[in-house]
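Shown next, in structure tokens, is the structure this report addresses.
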Amino acid sequence: KRRRQPIKSSSKQKQQSAAQLAVKKPAKAKPVQAAAAWQRWLIKSEPESRIEANGEEMKFSLDDLRQQPDGTAVWDGVRNYQARNFLRDSMQPGHLAFFYHSNCKQPGIVGISRIVSRGYPDPTQFEPGRAHFDAASQPSNPRWFAVDVKFESELPRPLPLAELRELHLAHKQSGGPLRNLALCTCPRLSVQPVSDEEWRFLTQLAGVPEKD
């Protein structure tokens, strides 16, 4: 949801129908939990221009990530403690993350990115004048963390939020793969874990080719 920074040399550098993919066994929704076992994620960013009071541009789309040097940028500006914990404690190099466009005319999952660093202190918290400066955070005890994210691919078919909500509601009743989807159960969270079951369903739904 914020303007991402390109990596600097000093930085730690077949579409199927829902009916075909749904599972019929009933199951109860579970809350999002912080667990080191998560290896798939969803990260949100704003693809349309939005200027903060300090004049800083918050826009950062999937195309913006693709156009960064080496397709890589610092995923900074996260100011939610649960999301921070995922960045700091759980994300690891090699993990994949859905790239989600938020706060726009048609929000939804549009691509896939790869985490290419472990969590480290978000540099913007120490930069006065930046939109995400935090005067209470100190280098000796940083409050906020970032990771480096690399463009992986654009989805063959974007997955709109409206469609995902409909599937989530249907799967809550049928026990389908999206019954616990954090995008619908914790919609304000900008960094979210995605289960292997959810990942397989969503990539198939989007027409991502299966890898051997």
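Every read-out reported here was derived from the displayed coordinates using simple, explicitly stated rules and does not represent laboratory data. Not measured: the values here are computed from a predicted model.
Rounded to the nearest 5, what is the percent of antiparallel bridges among the DSSP beta bridges in segment 34-158? All intermediate terms of the calculation are to be shown ahead of the outcome.
On the way: 19 of 25 bridges.
Antiparallel: roughly 75 percent of the beta bridges in segment 34-158.
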Quiz prompt | Whether segment 66-150 is rounded, prolate or oblate, judged on the alpha carbon gyration tensor where a/c under 1.5 counts as rounded | solution = prolate
Self-check item: Cross-link pairs K105/K172; K59/K211; K105/K150 - those with Cα-Cα distance over 30 Å
Solution: K59/K211
Quiz item: Once the piece of chain linking E163 and E210 is laid out straight, how much longer is it, given 0.36 nm per residue of separation minus the C-alpha distance between them?
Solution: 14.7 nm
